[in-house]
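Undergrad: Pasting in a structure now, in structure tokens, and then I'll have a few things to ask.
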């Protein structure tokens, strides 16, 4: 087992579940430290139930994670295969995101053991599972920040921009915006279709004020969706439009804190599922959950296919809840 | 619209969604205060978007809730029907649990307007929806309490009992126990099959210690599953078995606090769905969500049919994660 | 060093400070596990800076705590003295409450080394220091519970009783009641003068409602101030006075969670102060803080002298903020 | 009464205390909305106990705040004096920071009524009081962010920079750094003496790693202490020194959330104190607290005199806890 790529809250719950389930089925678990780096460097430790009993309330990963660019090379995958064989291992559980799964698929070309992925990434951008481990916690943290901003925003009637993670997918942005009742979202999915201009944004801010009276205007900005991010956009609004605005950049705060209950429960289910998939002889699949059912998804599908935003959620937050009414046609469903 | 029965975190998000969606579709909303009491007493107010913009971060309900035993009488339902007609209302949205839905069904026999239920209860015990509004928050609060107990339990190697809500259904108990890694659950569903004795419990505590070495033992007890609750069980363990034990009774703490993101999002979806169901001509149904799809469930089904615990979750927490191994047959799936 | 008695949030920050300060001054630290038990059983470990760097964000104590009744015996103190000498130790830092300090004073009769106490107890009941480590966190947790109760209490207009720690001193009760705006407190200090009757309580509840209109009534009850605690008092109000009431028993939740900033800062200061007191040759004193100054208080004073509640705080919460006005004489100061 | 300048968590608790104490002493309270703006525009409302009972758990200010640059003009102060007299008011309580107190002092030259300041600012930069309302909450929020960063930082062994408020005073920076065990602080007070260069910073990062082994390095940066802030410094470390680094900009998050217990208690004490100072005939003073005693400080002192950082705290965090040891002379006290 290893945890790889950006860490995600709930990874500890996942590795705990792997260890407890393995022990339940009389299997032994070795954990490589620092992701694929540890696999290449033969840095590992044996994990027993007693080692992981109470780790599920902490974020991060007790076996550490790392990005490992050199793992793309053939030699690296071959070395990893040799190390796995030398240790007599028959299966590898990789907890991580799409980069980690690409690594797993790459390794599968040089190693005969079973490989199971467990989706651990706050971005929720993997095809084949309704949720990834860490996503719920990231949304909770972003929402909490937005709630705090609202308190002060309401006291001062100002514009605020909160930059959240998710450069390729607006899951955190959309969910936190809806949960906190933000007035505006700037998400990759929306920017792709029709990039927002500052002028259009200012127009919206003014129309919201006209419709609703003075009050706070809180915006959620996905990272990499504006040159210079929240800081630059804030400066533009102030400099060009004399509109008092304050930025906020959550950054890696979104990866920490006590994992949300649903992340711990999801991680527990998927960790057990990974072990049971091994018992069933599966390989090159990701343990996932769809419509409350445990599923196994081919690893390649997880990044080659697209996990779209929930259209109904997007419609509700972007259209129905938009303080500036756009249209009011009957719902088509 | 009204909120009825025990309040649930996210009710404000639900009523906000009802108001925003109604405004979007050019409908007007009147809210009765104190549930059916307000309907009978003609205590109501008009709600506009501006009134509900930033209420979604608070628990409770800004239009207050109440239980209303007298609503079971025919005369009460007739009076309610008259009041609704006198106000020229064409539809009623009831946010609450099974008791509130029984009231709604009762009313439907005397009133011609459309009636839509929105599931708002921390117990998650309604058939037809994957989750009820408030449940996720209650689990988060119970988990947080269990986490805190674990901190101190680990420092002192003791037994702790945390009593949670859910007298008829073990959802909060099971989910919080799994999320916090509790050593034991006493849930209605488990007690029904095979009630636990103190002796059996003590045996389990001792076997866990034997298997795992000294450490903390944290138990989740659903309310009404032990005579005298956590306090009495704790005293029994101390008096009869000389086993240091501390109780904790969460009570209504589980209904408060900032609603969890998933409760706010669920409430937002269901509130909009309720309005759109009205537009579609539906009545005597509950707006629900199943496998990520919005559904409409006959109100009577919500309490006559059973919402069972997730069997896989129960199996994982009760068997796989049980520190005292029972069996290790291969999974049958 | 050892941590003894009931654990308190911030003990880890204190032991970290002891280790970091010791290293700074080229001293070595050995930690006994499980308090005086470890001292008697020679269960100890060496602690270096690297072992304690990031422990300050967790409650509990990484070196475990325990109560040790047998330490009162002469033989125990003599054995402890022998063990300390055998290890060549010149000073002992005891992090704990009054029981732990009595143990330390007892030991000082049989051991020549320096003994420094560090006040670690959530009860804040030690003379000679403005605050003890863990108190601020306990208040924060009690306040958070009271806030959550208020959310739901306001939705339903009911009476709630929250039982908090502090059987001998009402610090947690008073501070959390004031911080959360509770309508009533039942504290040891108030009960001593004039024990409350149920009838008087009911009268107050009704007068509050009369003065203020319907609304929630939240009560803070210190443990051991009512036979049967919050559960029994709640039943009495319901049974005898038909007054809907819900109890809540926080228990050891108050010892867990992330330590409050002020507890971590206090613990850091006192841990360093303990080491610097050793360097200065002090013994049989507690490291404390009074009016922002670091002080050294004779150990015996800490439990023989009384740490009273802040009179101004008590006056404000009990008289000025009491919804039922009693008197309005000019302040005498 | 009015709340002015940047809002601070606990302002609601302060205004609640003012109202409750006023009612206790049979005084009436009128609140101006939006600070001095409301005083100039005659925008006010009457506040009774019932209006403020349960506002103390929320940040922000229910009577809104604002900055009011035009209040520096003589005409503005004269207009304010006229408005106050027209309403028959005999005293004004100003809850705010140094800017607000300058306004109050300015007004006192044109108005005969009593003027009392209540220190409400997260920056803690007012002379004459041990703490200002909002400071403890801001520290708690910054610490929480740092804790979350540590979780993920430990998983990945990286450098992180968290930018906190306090451009003129390092209180939030120092306290949150100590509470969270940060490896480095960049504070106004430290920068003034000896501005840090990137090269020196990189050297420190490397020495910490050399001394302590690989691990996380978390830095607290007070705003306005680095050109371009945390984002720019992070880019410099990455671009010039190939050192992976992630920034985080807390911004106004530090002003929101549930006020910390100590802020609510402080605000309650100071609000009552303000009313009692009025009864005692005081004017042009700030209600403060020093060494647990209520004090009255001339308004002009609050900004003309300097509130220095606690030297002992600074010494502990910057020297004793610095992973890179500098000196180990015996403490001089």
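The values are calculated or read from the model by the stated rules, or taken from the named source; none is laboratory data. Everything numeric here is computed off the predicted structure, so don't read it as measured data. Here Cβ is always computed from backbone atoms with ideal geometry, including for glycine, and neighbour counts include all displayed protein chains.
Undergrad: Out of the residues in the range C:251-262 that are within 7 Å of chain B (Cβ to nearest Cβ) and in contact with a helix residue (DSSP H, G or I) (Cβ under 7 Å, 6 or more places away or on another chain), state the one that is farthest from residue D:180 (Cα to Cα).
TA: My answer is C:252.
Undergrad: Residues that are crowded, with 24+ Cβ neighbours inside 10 Å and within 24 Å of the chain's Cα centre (by Cα): list the strands (runs of 3 or more DSSP E) wholly contained in the range A:102-203 that include at least 2 such residues.
TA: A:114-119, A:159-164
Undergrad: Among the residues of the range A:284-318, write down those that are in a helix (DSSP H, G or I) and in contact (Cβ under 8 Å) with a residue 60 or more places away in the chain.
TA: Answer for the range A:284-318, where residues must be in a helix (DSSP H, G or I) and in contact (Cβ under 8 Å) with a residue 60 or more places away in the chain: A:299, A:300, A:301, A:302, A:303, A:304, A:313, A:314, A:316, A:317, A:318.
Undergrad: Looking at the range B:1-34, which of the residues that are within 12 Å of another protein chain (Cβ to nearest Cβ) and farther than 17 Å from residue B:272 by Cα is surrounded by the most Cβ atoms within 10 Å (Cβ to Cβ)?
TA: Here the residue is B:8.
Undergrad: Any idea how many residues of the range C:296-311 are under 25 Å from residue C:89 (Cβ atoms) and within 14 Å of another protein chain (Cβ to nearest Cβ)?
TA: Total meeting the criteria: 1.
Undergrad: Moving to a separate point now. Among B:234, B:268, which is the only one that is on the phi < 0 side of the Ramachandran plot, assigned to a helix (DSSP H, G or I) and outside the structural domain of residue B:114 (by TED's automatic domain parsing)?
TA: Answer to the check: B:234.
Undergrad: Please go through the range B:107-124 and give me each residue that is more than 18 Å from residue A:265 (Cβ to Cβ) and touching a residue at least 60 places away in the same chain (Cβ under 8 Å), ordered by number.
TA: Answer for the range B:107-124, where residues must be more than 18 Å from residue A:265 (Cβ to Cβ) and touching a residue at least 60 places away in the same chain (Cβ under 8 Å): B:108, B:113, B:114, B:115, B:116, B:117, B:118, B:119, B:120, B:121.
Undergrad: Among the residues in the range A:49-65, are any over 20 Å from residue A:16 (Cα atoms) and in the same structural domain as residue A:289 (by TED's automatic domain parsing)?
TA: No; the residues of the range A:49-65 include none that is over 20 Å from residue A:16 (Cα atoms) and in the same structural domain as residue A:289 (by TED's automatic domain parsing).
Undergrad: With the checklist (1) away from chain A (no Cβ under 14 Å); (2) surrounded by 19 or more Cβ atoms within 10 Å (Cβ to Cβ); (3) in a helix (DSSP H, G or I) in hand, flag the one item residue D:37 doesn't pass.
TA: (1)
Undergrad: Please go through the range B:40-53 and pick out each residue that is in a helix (DSSP H, G or I), surrounded by fewer than 22 Cβ atoms within 10 Å (Cβ to Cβ) and in contact with a helix residue (DSSP H, G or I) (Cβ under 8 Å, 6 or more places away or on another chain). I'd like the intermediate steps shown before the answer.
TA: Initial filter on the range B:40-53 (in a helix (DSSP H, G or I)): B:40-41, B:49-52.
Narrowing the set further to residues that are surrounded by fewer than 22 Cβ atoms within 10 Å (Cβ to Cβ) leaves B:40-41, B:49-51.
Selection gives B:40, B:49, B:50, B:51.
Undergrad: Within the range A:145-166, which residues are more than 7 Å from every other protein chain (Cβ to nearest Cβ) and out of contact with any helix residue (DSSP H, G or I) (no Cβ under 7 Å at 6 or more places or on another chain)?
TA: Matches in the range A:145-166: A:153, A:157, A:158.
Undergrad: Sticking with this one: Within the range B:73-89, is even one residue in contact (Cβ under 8 Å) with a residue 40 or more places away in the chain, within 23 Å of the chain's Cα centre (by Cα) and not in a loop (DSSP other than H, G, I, E, B)?
TA: no
Undergrad: I would also like to ask the following. Of the numbered conditions (1) away from chain D (no Cβ under 14 Å); (2) surrounded by fewer than 24 Cβ atoms within 10 Å (Cβ to Cβ); (3) assigned to a helix (DSSP H, G or I); (4) touching a residue at least 60 places away in the same chain (Cβ under 8 Å), residue A:209 fails exactly one; give the number of that condition.
TA: (4)
Undergrad: Looking at the range C:271-283 only, could you name the residues that are in contact (Cβ under 8 Å) with a residue 60 or more places away in the chain and not in a helix (DSSP H, G or I)?
TA: C:281, C:282, C:283, listed by residue number.
Undergrad: Turning to a different aspect of this structure: Of the numbered conditions (1) out of contact with any helix residue (DSSP H, G or I) (no Cβ under 6 Å at 6 or more places or on another chain); (2) within 15 Å of residue C:152 (Cβ to Cβ); (3) at pLDDT below 95, residue B:59 fails exactly one; give the number of that condition.
TA: (1)
Undergrad: Restricting to the range D:221-268, name every residue that is surrounded by fewer than 22 Cβ atoms within 10 Å (Cβ to Cβ), closer than 30 Å to residue D:119 by Cα and touching a residue at least 60 places away in the same chain (Cβ under 8 Å).
TA: Scanning the range D:221-268 gives D:223, D:229.
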